[in-house]
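Asker: A single structure is presented below for examination.
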Amino acid sequence: MTALVRLYPAAYRREFGDEISEAFREATREAGTPARVREGADVLGHALRMRLGLGSGGRAGRLLAALAPFALIAVGASALSWAGVMRSALFSAEPGEVGPAFAALVAAYLVTVLGAFLGLAGRWSAGSWIALAGVVAQLAAGAPRMGVGGMVLFAGPMLVLALVAVACPPDVRPAARIRTGTGVVAAMTWAVVLMGTVMVVPLSYPLTQLRFVVPVAAGLLLTGRQGFARLRTAPAVLLAGLPFLFLGGWPGTVEPLVLAGLLVLLLAAAATVGVRRRRGARDPLVGS
């Protein structure tokens, strides 16, 4: 625990270091290894956010909180799309032609999908870290074949989005819409069924777009109205929406004409939010 506390800024560590250590000991006194790892990951994330100035009290932290659910949805949808793209090679290859690195890459995509849906289903800390681990595993599995630089270009956007989800300050994380263990199990079962369908059922164009569209729709449903309510500025709307357009075209195989239409809608939504915000700022009856 001492090593984790040292990650905090010096002034913060001097003032609150003992309290953090004591809280960690109390939380893990009779806990098993998974709980200890989870608590340690939370402390690590908090320390890094303090170092980077990404606390919930700052503008950057609030922006991360607004973008986090949409970033996690984009990561999960992109991973499922890539898994679907690779299924043909995985199932049509002769025995022995598919190496362990390729199989590991497909497995990493599926782990990323599970992490994304786990986070959106209400287990944000565990889900976002699993999604990040899945993206890192993608980089490791694909590097021998494509090189480190190639995999960074290949999976770099997903890595950035996964880091956005992990960096979301804990006290402003998306509120869980599913509040029971049974509900979480049901959501994860649906995710497993979706992954199995994508990996088993062959799709021909334009139905291949469903590999991206369906998980995006499911993720937005899990996020709910509360996620959209946090997009209060035009930049936040654009930053939340642009990853979907980029990943929808590559690898989501969404039609360019459809992407162009969605871009127009995104720009219109950003402009509308910006106008409403300026009008609200001039209205003395609207609070800050």
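The values are calculated or read from the model by the stated rules, or taken from the named source; none is laboratory data. This structure is a prediction, so every number in the text was calculated from the model and none was measured. Note that each Cβ is placed from the backbone with ideal geometry, even for glycine, and that neighbours are counted across all protein chains shown. Accessible surface is based on the protein model in full, side chains and every heavy atom, while ligands, DNA and RNA are left aside. Shrake-Rupley method; radii C 1.70, N 1.55, O 1.52, S 1.80 Å.
Asker: Taking the condition of being farther than 25 Å from Val172 by Cβ and open to solvent by less than 20 Å² (accessible area, probe 1.4 Å), how many residues in the stretch 114-149 meet it?
Answerer: Number of matching residues: 3.
Asker: Something else now. Can you tell me which residue in the stretch 4-20 is most open to solvent (accessible area, probe 1.4 Å), limited to those that are touching a Leu at 6+ places or on another chain (Cβ under 9 Å) and part of a helix (DSSP H, G or I)?
Answerer: Arg13
Asker: Hey, does the stretch 217-227 have a residue that's in contact with a Phe, Trp or Tyr (Cβ under 8 Å, 6 or more places away or on another chain), of a type outside the set (A, V, I, L, M) and either without any contact (Cβ under 8 Å) to a residue 60 or more places away in the chain or over 22 Å from Pro243 (Cα atoms) (or both)?
Answerer: For the stretch 217-227, residues in contact with a Phe, Trp or Tyr (Cβ under 8 Å, 6 or more places away or on another chain), of a type outside the set (A, V, I, L, M) and either without any contact (Cβ under 8 Å) to a residue 60 or more places away in the chain or over 22 Å from Pro243 (Cα atoms) (or both): absent.
Asker: On to the next question. Quick one: is Val192 open to solvent by 70 Å² or more (accessible area, probe 1.4 Å), of a type in the set (Val, Ile, Thr), within 30 Å of Ala103 (Cβ to Cβ) and in contact (Cβ under 8 Å) with a residue 40 or more places away in the chain?
Answerer: So Val192 passes the test.
A quick yes/no check of all residues on (1) more than 19 Å from the chain's Cα centre (by Cα); (2) farther than 30 Å from Arg87 by Cα:
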{"residue": "Leu203", "(1), (2)": "yes, no"}
{"residue": "Pro243", "(1), (2)": "no, no"}
{"residue": "Gly249", "(1), (2)": "no, no"}
{"residue": "Arg279", "(1), (2)": "yes, yes"}
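Asker: Something else about it: Output the number of the condition that Phe244 fails; it satisfies all remaining conditions of (1) at pLDDT below 90; (2) under 25 Å from Leu118 (Cα atoms); (3) of a type in the set (A, V, I, L, M, F, W, C).
Answerer: So the condition that Phe244 fails would be (1).
Asker: Looking only at the stretch 85-108, which residues are open to solvent by less than 40 Å² (accessible area, probe 1.4 Å), modelled with pLDDT under 90 and either in a helix (DSSP H, G or I) or aromatic (Phe, Trp, Tyr) (or both)?
Answerer: Those that are open to solvent by less than 40 Å² (accessible area, probe 1.4 Å), modelled with pLDDT under 90 and either in a helix (DSSP H, G or I) or aromatic (Phe, Trp, Tyr) (or both): Met86, Arg87, Phe102, Leu105, Val106.
Asker: Sticking with this one: Check Thr272 against each of (1) open to solvent by less than 50 Å² (accessible area, probe 1.4 Å); (2) over 24 Å from Val113 (Cβ atoms); (3) of a type in the set (Ser, Thr, Tyr) and name the one condition it does not meet.
Answerer: Among (1) open to solvent by less than 50 Å² (accessible area, probe 1.4 Å); (2) over 24 Å from Val113 (Cβ atoms); (3) of a type in the set (Ser, Thr, Tyr), the lone unmet condition for Thr272 is (1).
Asker: Filter the stretch 171-185 for residues that are open to solvent by 60 Å² or more (accessible area, probe 1.4 Å) and in a helix (DSSP H, G or I) and give the result.
Answerer: Asp171, Thr182, Val185
Asker: Scan the stretch 29-43 and tell me whether some residue there is aliphatic (A, V, I, L, M), part of a helix (DSSP H, G or I), open to solvent by 30 Å² or more (accessible area, probe 1.4 Å) and closer than 19 Å to Ala162 by Cβ.
Answerer: For the stretch 29-43, residues aliphatic (A, V, I, L, M), part of a helix (DSSP H, G or I), open to solvent by 30 Å² or more (accessible area, probe 1.4 Å) and closer than 19 Å to Ala162 by Cβ: present.
Asker: Among the residues of the stretch 205-230, what is the count of those that are assigned to a loop (DSSP other than H, G, I, E, B) and either under 16 Å from the mean Cα position of the chain (by Cα) or among the aliphatic types (A, V, I, L, M) (or both)?
Answerer: 0
Asker: Taking Pro215 as meeting all but one of (1) closer than 20 Å to Leu64 by Cα; (2) surrounded by 16 or more Cβ atoms within 10 Å (Cβ to Cβ), write down the number of the exception.
Answerer: Condition not satisfied by Pro215: (1).
Asker: Checking the conditions here, which among Val166, Val160, Val111 is open to solvent by 50 Å² or more (accessible area, probe 1.4 Å), part of a helix (DSSP H, G or I) and over 22 Å from Gln209 (Cα atoms)?
Answerer: The match here is Val160.
Asker: Of (1) open to solvent by less than 50 Å² (accessible area, probe 1.4 Å); (2) touching a Lys or Arg at 6+ places or on another chain (Cβ under 9 Å); (3) modelled with pLDDT of 85 or more, Arg232 satisfies all except one. Which?
Answerer: Here Arg232 clears every test but (1).
Asker: Moving on to the next point. Provide a single number: the residues in the stretch 109-145 that are more than 24 Å from the chain's Cα centre (by Cα) and at pLDDT 80 or above.
Answerer: 0
Asker: Can you name the number of the only condition in (1) in a helix (DSSP H, G or I); (2) under 20 Å from Gly45 (Cα atoms) that Arg145 fails?
Answerer: Only one criterion is unmet by Arg145, namely (2).
Asker: Tell me, which residue of the stretch 48-84 that is modelled with pLDDT of 80 or more and open to solvent by 60 Å² or more (accessible area, probe 1.4 Å) is farthest from Leu203 (Cα to Cα)?
Answerer: Arg59
Asker: Another one. Output the number of the condition that Gly249 fails; it satisfies all remaining conditions of (1) open to solvent by 30 Å² or more (accessible area, probe 1.4 Å); (2) under 23 Å from Leu118 (Cβ atoms).
Answerer: Only one criterion in (1) open to solvent by 30 Å² or more (accessible area, probe 1.4 Å); (2) under 23 Å from Leu118 (Cβ atoms) is unmet by Gly249, namely (2).
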